1. Using alpha carbons only, how many degrees (0 to 90, rounded to 10) separate the axis of helix B:2-25 from the longest principal axis of chain B?
2. For a Förster distance of 51 Å, can you work out the FRET efficiency between the beta-carbons of B:Glu105 and A:Glu231, rounded to the nearest 0.05?
3. For segment A:225-255 and segment A:97-150, write down the distance between their C-alpha centroids in whole Å.
4. Please state the shape class of chain A: rounded when a/c is under 1.5, otherwise prolate if a/b exceeds b/c and oblate if not, all from the C-alpha gyration tensor.
5. Looking only at Cα atoms, what is the convex hull volume of segment B:210-266 per residue, in Å³?
6. Check which residues have an amide H placed less than 5 Å from A:Phe166's amide H, if you skip close sequence neighbours.
7. With a ≥ b ≥ c taken as the square roots of the eigenvalues of the C-alpha gyration tensor of segment B:181-252, please select rounded if a/c is under 1.5 and otherwise prolate if a/b is larger than b/c or oblate if it is not?
8. What ³J(HN,Hα) values, in whole Hz, does the Karplus curve 6.51 cos²θ - 1.76 cosθ + 1.60 give for segment B:247-257 when θ = phi - 60°, with x put for Gly and Pro?
Amino acid sequence: MKQVLISIFFITALLGCKKEINVDLPNASQQIVIEATVTNATYAQVTISKSVAFSNSNTYPTVSGATVNISDNGVNYPLTESKAGTYSNNSLIGVPGHTYNLLVKVEGKEYSSTSIMPLQVHLDTLLLEKLFWGHESVWVVKPQYSDPAGFGHYYMFIETINSKQFPQFWVWDDRIVNNSISTIPLIQSDSTINVNDTIEIEMRCIDRNVFRYFTALQGSQNNATTPANPENEITGGALGYFSAHTTQRKKVKVQ
Amino acid sequence: MQLKFLQKRILDKLLVTIAILLSVQSFAQDKHTISGTVKDKSTGELLIGASIKIAELKGGTVTNSYGFFSITLPKNKYKLITSYVGFNASEKTVDLSKSNELLIELTPISELEEVVVINRKKNDNVTKALMGVEKLDMKMINQLPVLLGERDVLKSIQLLPGIKSAGEGNSGFYVRGGGADQNLILLDEAPVYNASHLLGFFSTFNSDAVKDLTLYKGGMPAQYGGRLSSVVDIKMKDGNNKNFDVSGGLGVISSRINIEGPIVRDESSFIISGRRSYADAFLKFSSDSALKNNKLYFYDLNLKANYKLGKRDRLYLSGYFGRDVLGFGETFSTDWGNSTATLRWNHVVNNKIFSNTSLIYSDYNYNIHFKTGSDKLLITSQIKDVNLKQDFDYFINNNSKVKFGANVIRHTVSPGRVEADETSNIKSTIVENRNSWESGLYGSHELALGNKLNIVYGIRLTNFTTIGPGTFYTYDKDGNRSGADSFGKGQSVASYWNVEPRVSFSFQLNASKSIKASYNRNVQNLHLLSNSVSSSPTDLWLPSSNNVKPELADQFSVGYFQNFKNNQYELSVETYYKALQNQVDYRNGASLEANNNIESELLYGKGRAYGIELFVKKKFGRLNGWVGYTLSKTERKFEGINDGNYFNARQDRTHDVSVVGIYKVNDRWSLSSTFVYSTGNAVTFPGGKYRVNNQTVFSYTERNGHRMPAYHRLDFAATFEGKRNKGRKYQSSWTFGLYNVYGRENAYIIQFKDAPSDPSKTIAEQVSLFKYVPSITWNFKI
C-alpha cells in the first residue's frame, strides 16, 4: 500500500533524480545461510552457503562437508551432497500435515529447525487481466483457488516468465479472502509481462513461520520498513529458512 | 488500590498547598479589578498573548486565548501599557476607584514604520516563567521561502532549535527526540490526527486562516495533555468584524481565497477560507489517456463564525474540512482527510473569572478503492473524537493567576474495515472498533514571588479507560495469542490513572537576564503505528488497552535567557533531558492492515533524549531573523532489537543548524533567505548480502547504525508589494522563490539493489527530490 502511494508520488512529482553512490559499508562477518525445503512433489533439498560483503560480486561461497538430516516423526532422512553446497535426499517426499525437523552440522556448529507442511490447497486456474495502472496498462496474473474454512492458511507465489524466474515473490494469508474463492492479482512492481509470454506460477502452501519470514524479508528488501534480518526458526544463528510446503505449478500464455 | 490511595494523597496535599499560596495573596486591602479585551483596531481580531503592564508597578498580565485579561490592584491611578508584536503599544490611564471594564484596541504598525520602531520594551521572553515556548509571528512566516511557494506554518516551525523536520519538504516534525506522532496538534482546540497533505509534503493548515501559533516543546502548561513531546496550539482567525475583506492568491501548487466580514459590525464576524491544489488540472492536458484519468489533489476549507450573545457571553463555531484524493483510472483510488468542529462558549463570570466551554469533534479517516475483474474492494479506517471541555481562568491579582478545568473525550477507533462487492470473492472483514474514554482534570497557578521569581506550577490528573464491546486478547512474549476475553458494551477493559506534574520557574538576574528551569511529565494513550519510514495516510492510531500501556515522558530542562541592545537581540540557551517509557515499536514482518491481532505485533521499550539548544534572534530593524543550533542525542531501547541495547532513533541528528534572515530593502521589496544543515538520519544499511530464493538479499547487523549523508539547503524568496493607492483597498503582492538555491542533491532515500546493467553486482542508489524548485505566487486583497 505504502509503496504504491510513494511510487505514485514519485511518478507525479517528476522532480526526483536517482544516481548511483558510494556508501562506505563496513564488512560484516560472514554468516552461514541455510535454505532448506521439503515439498510434496519433489525431493528434499538443502543448500548451504555464506554471506559476502556488499562490495563483493554476487557470487556466494558454497559450504561443503556438512552433515544434514531431516526427520519425520522419528524416521531419519540423511541428505547427501549432490553438488558443492547442495544436499538432497530423493526418497524424502513430504506429506501434508507432517512435522519435519532439520538438523545441520557444519564447521563445528549445529543448526536446527522445524516446519509443518500445511494441507494442500488446490490451484484451480490462472486468470489474466489487463490493469490500468499509472501511466500504462499492465498484465497481471491472478491465481484462482478456494481458501478452506477457518483462518491460518498462508500462500506464497513464485512467477517464472519465459523460463526465467521473476525477481519478486508474493506472500499473503487468508485474512481478507477466508473460506472463499481468491483471485488476488500478482502485481509486479516493475511490470515485465508482454503478449505471447509464457508464465508459470508456482503456488506454495506454507506454514506461519515461513509466511512471517518472507513477509519480513519483503518489507526489509523494498525499503518499506526499517530493514532487519527476518526472524527465522533456525536455532544456532544462521540466515535463511526451513520450509515444508506443498507445491503446484500451472502455466498460461498471454494473449 | 494502593496506587490510587497514593495519588489521592498527593492530590490532597497539592490542593492544600495551592490554597495556602492563594491565601498569601489575599490580605485585606481595598482592591479593584480592571478587566477587558485587547483587539486589533483595524479588523477587530482578538489578540492572544498581548501583554498589559502597569507602569507604576512591576508585573502585569497577558491576554488569554480569547483576548481577555483581568488585573486586580489597590485603589489608585495607574498607567496601563499594552503591547503586542507588530502593533503600536497603547498607554491608558485608569482611575481605580471602582472596578472597571476596558476595551483596548491596538493599531498595527504600518510596513513603513516597522523598520524604525525599535524602542519597544519587550522582555517577556526573559521574565516569564514558561520555557520551551515558541510563538511565531504569522507575518514573518508569510515572508519565509518555502517549497513551491506554499506557505506552511508547520514547516516554518522546523526552523526553530529543538524541532526537526521529518524529511525533505515534509510537514511532519520531531520535537526534542520525540516521535512525529507525539505532537499534539490543535486547531481551535480540536486535535488534528493527520496534519499533512500529499504524504507529508504540505501541511493541512492554510496560513490565510491562521491567527496564532504557539508551540510548547517543554514545560507544557497543565491544560494540555495527551501527547508526549510537544503541543502546537493553532488558533484560527475570528474574521474581520469591521469591514468585508476578500483576499487570496494564486500559486504553483494551489490557489486560495479568503472571505471575512462582520455579522454585526464591531461585535460578530465570520471567515471562510479555502484552498485547493491543481496538479491534476495539468494532467487533463496530457496526451496520455491513462494519465488523463488520474486524480491528484487536496483541498482545505476553514470556516469560523462568532456571535456576541450579550455583554458577557460570546459563541464561536469553527470547522475545518480537508481531503486528499489520489486516483489511477478505474483500478485504484484513495482519499483521506480530517474534519474538525469546535463550538465554544466564552462567559465572563465576573471581572476576575473567565470561563470557556467547548464541545469539540475531530475525525480522521481514509478510504482505499481497488478494482480488478469482478473484485471490488473498499478499505476504510477511522478515528473519531468527541470532547467536552470546561476551562476557567481566575485572575486573582497582578501577581497571581489560576487556570483550572476538566475535559472528557470519547475516542472511537475503527482500525480497519474491508468491504467487498457482493459479486466479489473477497469477504468483507471488519476489525472490531475500539472505544475509550479519556478524561483529565487540571489546575495550574502562575505566581510572581517578589520581583525576581516567577513560578508556574500545576498538575494534571488523567484517566484512560478502554471499554467494550469487543473481544480482547492476551499474548505471550513471542506474540502468540494466549487468551481471549469478551467484554460487554461499556464494560471497562483496562483503566489507567496518571498524575502529570508540571512546574516551571524563572529567576531574573537583572532586567535583561534570567535563568529558568522546568519539569514536566506527559502521558500519551493513543499510539500511532507506522511500519514504514515515512508518514502515510494509512498509519494507524491504537488506544491503550490491556496489552498496550500508556506512554510516559519526563522532561527536565534548564535555560539561560538574555536580551541585548534594548531587547533588540534575544539569546537563549536551553538544555533538556527526556526519559521515555512504554514506547511502541513493531515486530519484524508485522502486518498492520486489517489485523484483528495487531497488538500481538508490538514491542515495548524505552527511550532517552538530551541536548542543548542555542538561539539568537534579532527582533527588529531592516534586517531581522535568527540563528538556531541544536546538539542532541536520541535513543531507543527495545528487547529483541539490537540485542536489547540502546540504539539511535531514526531522528537522532547530532547537529542541526538553521539560519533565517529577512531584509526589508524598501517599502516595496523585501528579501528573505533560510539555510538549514543537519546530520543525516540514523538508518540501517546492509552489512552484507546472501542469496535466498534465487534473489539477492541483504543482511543487517545493527539497527540504525549508519548515517544518511548530511542534509543542507539554502532557500531564497523576494516579495514585491504592489503600489498602494490612497483611498483604495486593493493591494497585491508577488512572491518569487527558489528552493534549494545551490541544487544540493539531498538523499531522500538510499536503496540497495542488483545493478540493472550488471546483475552480478549490487549498487547503492540515492534518490533525491527537489533540486532548484522555483516558484511564483501572486497574492491580492480587495
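1. Computed tilt is about 20 degrees.
2. Details: r = 66 Å, r/R0 = 1.30.
The pair B:Glu105/A:Glu231 has a calculated efficiency of 0.15.
3. Segment A:225-255 and segment A:97-150 have Cα centres spaced 8 Å from each other.
4. Note, shape of chain A comes out oblate.
5. For segment B:210-266, the hull spanned by Cα atoms encloses 138 Å³ per residue.
6. Excluding prolines and chain starts, which carry no amide H, the hits are A:Glu159, A:Thr160, A:Ile161.
7. Since a/c reaches 1.5 but b/c is at least a/b, the shape of segment B:181-252 is classed as oblate.
8. With coefficients 6.51, -1.76 and 1.60, one gets 9, x, x, 10, x, 6, 9, 8, 10, 10, 9 Hz.
Just so you know, all these numbers are worked out from the coordinates, no wet-lab data involved. The model shown is predicted, which means the values in this text are computed figures rather than measured ones. Cβ sites come from the backbone with ideal geometry, for glycine too, and all protein chains shown count toward neighbours.
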